[in-house]
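Take a look at the structure set out below.
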Amino acid sequence: MEVVTQVEKQLNIDNVNIQDLLGINDVNIKPIEEKFNAILIIRGDKAIVKGSSDEVTSIEKILKDMIYVLNTKGNLSSKDVITIIDLTISGKEIISDKEYDNIVLYSKKDVIKAKTPTQIEYFENVLKNDICFAIGPAGTGKTYLAVAFAVAALKKGIVERIILARPAVEAGESLGFLPGDFRNKIDPYLRPLYDALQDMMPKEQMKNYIDKGIIEIVPLAFMRGRTLNHAYVILDEAQNASPMQMKMFLTRLGPNSKSIITGDITQIDLPKKSDSGLVQVKDILQGIDGVGFVYFNKGDVVRHKLVKDIITAYDNFVK
């Protein structure tokens, strides 16, 4: 008689509403218990599966597909679970393990995931390091993914707040001629960060987080003198930060915090390219453990297909 080896595996299920996943009186778990001999235990945001290797693998896949369906469809029924079980047993999949591993955040509109090879490298780099630099042209998802990483960490309780910063550098425009007070003048520089957040959470929740200081969107100059603990700190458009501003920003990081710095060194709005702290920091911090660098190129552009052509046209014109 063949001896079946029993295994035990613990899975994280922290990217979903647990009550909605389980259903009323755990109705969504019952089809799994009826179909398999393996034992499934849910404790907080962890799932413990004990049984044969094949059954544990199948149940892990089923749980991942349940999370995906719930987060994309907005609800999950026991009938959905039965369909997922049948598909899994027949060797079909709603989403591949590779795709699932690249999901950054389930937003209010869509699943946000790393798509290009460089975006996947970016994701892995952010998970591995406390400070990550993402350098490359517009439209490659540097800022959007950075905000998604931060929102996901906030939702999972990894950090307690998010700070998003940008240098207020005049890109061919004068702040002095813009209408309103300082806040009105500075808001246009920060608008892309607001836009990214609005894609990832309900408007009222975002407003509530901002009012409570859980999310801050500020000019880089406002970071001086602060120590940021238990926070996800993002510096966007970092090519327009001076070397001293870059050093100031990087030394704000406190315990249990992470930071992402994004920028495009081909779009520096400072008087000289050498004035950019992002250009300088590449040489200063290379090789430091816990600091990672990811370089995007025009092949990673995920905006409108014309954006890639426009970047190529400008590159060729300059040459």
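What the table below lists for this structure:
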item: Of residues in segment 96-122 being free of Cβ contacts under 8 Å to residues at least 24 places away in the same chain and surrounded by 15 or more Cβ atoms within 10 Å (Cβ to Cβ), the one farthest from Asn15 (Cα to Cα); result: Ile120
item: Identity of the residue in segment 96-114, among the acidic types (Asp, Glu) and in a helix (DSSP H, G or I), that ends up farthest from the chain's Cα centre (by Cα); result: Asp97
item: Residue that is modelled with the lowest pLDDT [pool: residues in segment 149-190 that are basic (Lys, Arg) and surrounded by 12 or more Cβ atoms within 10 Å (Cβ to Cβ)]; result: Lys185
item: Residue that is nearest to Ile103 (Cα to Cα), among those in segment 44-57 that are open to solvent by less than 40 Å² (accessible area, probe 1.4 Å), part of a strand (DSSP E or B) and not hydroxyl-bearing (Ser, Thr, Tyr); result: Ala47
item: Residue ID - nearest to Asp101 (Cα to Cα), chosen from residues in segment 1-22 that are among the β-branched types (Val, Ile, Thr) and open to solvent by 50 Å² or more (accessible area, probe 1.4 Å); result: Val7
item: Residue identified as open to solvent by 60 Å² or more (accessible area, probe 1.4 Å), assigned to a loop (DSSP other than H, G, I, E, B) and not aliphatic (A, V, I, L, M) among Asn25, Asn37; result: Asn37
item: Selection within segment 259-293 - of a type in the set (Val, Ile, Thr), farther than 16 Å from Ala168 by Cα and either in contact (Cβ under 8 Å) with a residue 60 or more places away in the chain or open to solvent by less than 10 Å² (accessible area, probe 1.4 Å) (or both); result: Ile260, Ile265, Thr266, Val281, Val291
item: Residue ID - nearest to Lys298 (Cα to Cα), chosen from residues in segment 216-244 that are among the polar types (S, T, N, Q) and crowded, with 20+ Cβ neighbours inside 10 Å; result: Gln239
item: Flag for Leu193 being assigned to a helix (DSSP H, G or I), open to solvent by less than 10 Å² (accessible area, probe 1.4 Å) and under 14 Å from Arg166 (Cα atoms); result: yes
item: Search result, residues across segment 123-148 that are open to solvent by 40 Å² or more (accessible area, probe 1.4 Å) and among the hydroxyl-bearing types (Ser, Thr, Tyr); result: Tyr144
item: Flag if Tyr209 is at pLDDT 90 or above, under 23 Å from Gly141 (Cβ atoms) and either open to solvent by 60 Å² or more (accessible area, probe 1.4 Å) or not aliphatic (A, V, I, L, M) (or both); result: yes
item: Of all residues making up segment 58-95, the number that are acidic (Asp, Glu), open to solvent by less than 50 Å² (accessible area, probe 1.4 Å) and over 24 Å from the mean Cα position of the chain (by Cα); result: 1
item: Residue within segment 42-53 that is within 29 Å of Val151 (Cβ to Cβ), out of contact with any helix residue (DSSP H, G or I) (no Cβ under 7 Å at 6 or more places or on another chain) and among the small types (Gly, Ala, Ser) present; result: yes
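The values are calculated or read from the model by the stated rules, or taken from the named source; none is laboratory data. Model, not experiment: these values are computed from the prediction. Every residue, glycine as well, gets a Cβ built from its backbone with ideal geometry; the counts of neighbours run over all protein chains shown. The area values use the complete protein model at the heavy-atom level, side chains included, leaving out ligands, DNA and RNA. Shrake-Rupley method; radii C 1.70, N 1.55, O 1.52, S 1.80 Å.
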